[in-house]
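One structure is given below, encoded as structure tokens.
The values are calculated or read from the model by the stated rules, or taken from the named source; none is laboratory data. Fair warning: this is a prediction, and the values are worked out from it, not measured in the lab. Every residue, glycine among them, receives a Cβ derived from its backbone with ideal geometry; neighbour counts consider all protein chains shown. In case anyone asks, the SASA skips ligands and DNA or RNA and just uses the protein heavy atoms, side chains included. Shrake-Rupley method; radii C 1.70, N 1.55, O 1.52, S 1.80 Å.
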Amino acid sequence: MNTPISIKHSYAGRHVLLTGVTGFLGKVWLAMVLQYVPDVGKIYVLTRKKALRPAADRFERQVQTSPCFRPLHEKYGADMSRFISERIEVVSGDVSLPDMGVEDPAVLARLRRDIDLVINCAGLVDFDPDLREAMTTNVEGARNAANFVAACDKAVLLHISTCYVTGKKNGLIPEDIRPDLSPAGDPFDVEVECAEVQASIDAILAEHESPEMDKRAHDDAVKQIRDKGGDESNAMLVRNTARRIKRNLLKDAMVAEGQRRAGRWGFTNIYTYTKNMAEAWIARRLDPGRWSMFRPAIVESSMSYPFPGWNQGFNTCGPLSYALGSWFRHLPCKRATRSTSSPSTTSAAA
């Protein structure tokens with residue numbers, strides 16, 4: 001008879017490195033482990049410093065202000081600071097950099113020696129972001145996490161992916177990871193793909209730094225100011241407007257290239273495309289016994305912890321639930337997207 005898996009037993013005394021603690025999943029995981037597994041050994045929270053604000057200050061602000069930690073404040077009260085300090089160590093770093101951005105050699109050596117588990121929750125979850133940002137966070141971040149684990153004495157990796165890495169496939173899809181095959185069925189080499197992506201990024205940057213692009217942005221700025229009744233002779237206004245236009249044109253070009261490449265391999269968007277590449281890097285870099293993938297579907301509001309309905313930000317179905325709980329009583333929708341079993345209607349009653 002199989003012995004049931006015990007979360008409390010598995011994490012007791014273990015040392016865990018967590019990335020992406022400012023995100024929804026990372027924050028909830030940390031709060032729930034502190035709430036329900038108080039015997040956890042040590043949790044190292046990798047946090048980026050921001051401008052002049054140290055990493056420790058950024059994390060402390062999260063603990064003090066996020067509703068996710070409210071049950072812990074209620075449970076421990078004035079003893080909360082001691083409880084947190086005994087179980088958490090904030091590590092200044094950046095998952096998009098080699099060695100996870102940990103610059104202190106002594107801290108890096110200690111982590112590589114002591115860590116049992118790395119949980120990589122860091123990720124850019126926008127569906128179609130700037131290709132550069134998606135590659136840096138989702139792909140390079142996962143690659144750096146895998147390299148970090150490979151250099152550790154005993155650590156294993158739990159990588160947070162998405163079930164939509166399977167792309168546009170339909171039907172029953174087995175939980176296999178094929179780093180050498182795209183959803184479209186074509187042979188896929190993540191190293192070659194990353195090199196081609198970087199070449200495309202470099203070409204787009206060169207094009208948008210050309211005199212021709214400067215002139216286009218300037219002319220568009222003058223026209224935009226004129227159409228709004230502004231002073232087109234104001235050199236500073238024209239210059240600032242042209243910079244904004246040029247910045248937006250560059251981002252649009254990066255998004256378009258990302259969408260083109262994603263569609264080429266059978267993915268629905270840049271997010272799933274880069275998350276698939278992340279899985280491919282991990283599967284190539286680490287032995288099978290040193291990594292696991294967690295592939296959630298759509299992450300929605302919490303069912304119970306820290307309280308029913310909590311979500312970080314105003315996204316997914318949160319805005320719809322909020323609206324239908326107010327005076328807004330109907331939800332308009334397209335006829336073409338209704339269920340085939342539903343009656344023909346252009347609105348759904350709350």
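See the values below:
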| read-out | value |
| --- | --- |
| P(r) tail fraction, segment 168-230 - alpha-carbon pairs more than 16 Å apart, % | 69 percent |
| Extension gain, residue 126 back to residue 168 (0.36 nm per residue minus Cα-Cα distance, nm) | 13.3 nm |
| Mean separation of Cα contacts under 8 Å (6+ apart) over length of segment 28-78, as relative contact order % | 36 percent |
| Most to least packed among 161-171, 4-14, 259-269 [average Cβ atoms within 10 Å] | 259-269, 161-171, 4-14 |
| Helix-only CD estimate at 222 nm, as mean residue ellipticity for the chain, using -39500 (n - 2.57) per DSSP H run (n ≥ 4) | -14000 deg cm²/dmol |
| Over the chain, relative contact order from alpha-carbon pairs under 8 Å, at least 6 apart, % | 18 percent |
| Extent along principal axes [Cα atoms of the chain; Å; largest to smallest] | 70, 56, 50 |
| Percent accessible area from carbon and sulfur atoms, the chain, protein chains only, probe 1.4 Å | 54 percent |
| Selection of GluC sites (Glu not before Pro), segment 114-218, meeting DSSP coil and at most 12 other Cβ within 10 Å | 175, 209 |
| Alpha-carbon Rg/Rh ratio, for segment 60-170, with Rh computed the Kirkwood way | 1.04 |
| Set of lysines near residue 228 by C-alpha distance (under 26 Å), chain-local residues within fewer than 8 positions excluded | 215, 246, 251 |
| Calculated P(r) of segment 95-150 - Cα pairs past 18 Å, % | 36 percent |
| Distance in nm between pseudo-label sites at residue 223 and residue 85 (7 Å out along the Cβ direction from Cα) | 6.2 nm |
| Solvent-free Debye scattering, log10 I(q)/I(0), computed from the Cα coordinates of segment 1-127 at q = 0.10 Å⁻¹ | -0.32 |
| Per-peptide average of other Cβ atoms within 10 Å, ordering 216-227, 325-336, 78-89 highest first | 216-227, 78-89, 325-336 |
| Kirkwood hydrodynamic radius (C-alpha pairs) into Stokes-Einstein, segment 223-286, 25 °C and 0.890 mPa s, D in µm²/s | 167 µm²/s |
| Radius of gyration and maximum dimension Dmax of segment 147-192, Cα, Å | 14.0, 41 |
| Average accessible surface area per residue within the chain, 1.4 Å rolling probe, Å² | 56 Å² |
| Equivalent ellipsoid semi-axes, segment 33-88, via Cα gyration tensor eigenvalues times 5, rooted, Å | 21, 14, 9 |
| Geometric extent, Cα atoms of segment 95-229 - Rg, Dmax (angstrom) | 20.8, 66 |
